[in-house]
Structure formats: C-alpha cells, structure tokens
Amino acid sequence: MSNAKSDEVLLLYGTCPDVETARMIARAMLQEDSVACVNILSGMVSLYQWQGQMEEANEVAFIAKSTRGAWENAARIFQSLHPYEEPALVALPVSEGLPGFMDWVRSETIS
C-alpha cells in the first residue's frame, strides 16, 4: 500500500472506553484536518484476549472518514490521547462511494 495515492479515502475504525474519550479524540482529529467526520457509537460490548485472559468491556465504536495522506497524523492523535496501553485503530481503504461524498472527505482532510 505504500504506492497508494495520498487522497485515497479511508475508513478508520477503533474503540474507546467511553463517549467522552472518543469525543476528545474526534475533536482533536477534526481540528488538525486529519478526518472529515467521526461517528461515535455507544453501547458496544467487546470481548477480547488480553495478556492471556479473556476480557469483557463496555466500549464505544469510533468510525472516522479520512484519507491516506492524513492517516499518520490521525493515528498519532488517536494513540497520544487514548488511555489504553495498546489502543485499537485500523484503516480500511474505501473502494467505492458516492462521488460527492468521496470528494468532500478529500477536501476536508490534509493529503
């Protein structure tokens, strides 16, 4: 993916411990033009393995629209403001989308 264009639209998916943390991270990303939009979905239960133990936690989903060129800055912000030792954040390429929406994401983020 190193050859990917900087204006390629990405969908970022992560988790946060609560709405307040997700909102703080979202605002920081928006202020630095690292994302065009963030959706925060509460009421999620996560089950996962951590240090050899099965864990269960109430979390919120963090879904953002961004670009390849803004990914590194978005990831830096997420990691620096997130309270978890190993926060979860992944970037998924968006292969298709409504042209106007895709253009809007590109115009609102750094590339």
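Each value in this text was obtained by applying a stated rule to the coordinates, not by laboratory testing. Just so we're clear, the structure is a prediction, and the values are computed from it rather than from any experiment. Every residue, glycine among them, receives a Cβ derived from its backbone with ideal geometry; neighbour counts consider all protein chains shown.
Return one quarter of the surface area of the convex hull spanned by the alpha-carbon atoms of the chain, equal to its mean projected area, in nm².
Numbers: hull surface 29.6 nm².
Reported value for the Cα convex hull: 7.4 nm².
Please list, in chain and number order, the residues 5+ apart from V60 or on another chain whose amide H is under 5 Å from its amide H, with Hs placed from the backbone.
Those lying under 5 Å, H to H, from V60 are C16, D18.
Please give the helix 19-31 orientation as an angle from the longest Cα principal axis of the chain, in degrees from 0 to 90, rounded to the nearest 10.
20
In a shell of Cβ-Cβ distance under 12 Å around Q51, excluding Q51 itself, what net charge do Lys and Arg (+1) and Asp and Glu (-1) give?
Values: positive: none; negative: E55, E85, E86.
Once positives and negatives cancel, what remains is -3.
So which chymotrypsin sites (Phe, Trp or Tyr not before Pro) in region 21-94 end up in coil per DSSP with only 15 or fewer other C-beta atoms within 10 Å?
Numbers: sites: Y48, W50, F62, W71, F78, Y84; in loops: Y84.
Sites meeting the loop and neighbour criteria: Y84.
Of the options Y84, S6, M29, report the single residue whose Cα projects farthest towards the positive end of the charge dipole of the chain (beta-carbon charges: Lys, Arg +1; Asp, Glu -1).
So the residue furthest toward the plus end is S6.
Considering Cα pairs under 8 angstrom that are at least six residues apart, work out the relative contact order of region 9-108 and quote it in whole percent. Walk me through the numbers before you get to the answer.
On the way: 168 pairs, mean separation 42.7, N = 100.
It comes to 43 percent, rounded to a whole number.
Taking the Cα centre as origin and putting +1 on Lys and Arg beta-carbons and -1 on Asp and Glu beta-carbons, what dipole magnitude results for the chain, to the nearest 20 debye?
Numbers: 7 positive and 15 negative charges, 57 e Å.
That gives the chain a dipole magnitude of about 280 debye.
Once the Cα atoms of helix 68-81 and of the chain are each reduced to a long axis, what angle between those two axes, in degrees from 0 to 90 to the nearest 10, is obtained?
30
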